[in-house]
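Written below as structure tokens is the structure these notes are about.
Coordinate-derived values only; no laboratory data. Please read these numbers as outputs of a predicted model, since none were measured by experiment. Note that each Cβ is placed from the backbone with ideal geometry, even for glycine, and that neighbours are counted across all protein chains shown.
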């Protein structure tokens, strides 16, 4: 009887809870078309999301335009003028004497 009970407990415990964790999938970068020069700028959340071989062009910043969308477009155009095609770590910057942020900055990159 105890052998039967041991086999039953083993079968119940081995077929019990199995946890599977799905691997994290990085979101695809958002591509934004910028104006006449047919320059596409890819938006990456952080520098670690960029593909291997990407070359850093440094920080780029622009003053706030009438709208946030206009400011982002100016930033992307400036990156294109620098020869870049990707940005990361986009952030609004507020000076100490300002109530609202007046500058948008990002890290510019050239993709391989």
Rounded to the nearest 0.05, what FRET efficiency is calculated for residue 45 and residue 3 with R0 set to 41 Å and r the Cβ-Cβ distance?
0.10
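Can you sort 96, 82 from fewest to most other Cβ atoms within 10 Å of each residue's own Cβ? Don't skip to the answer; put the middle values down first.
Values: 96 4, 82 14.
Final ranking by Cβ density, sparse to dense: 96, 82.
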For the pair residue 98 and residue 55, how long in nm is the line joining their label points, each one 7 Å along Cα→Cβ?
3.1 nm
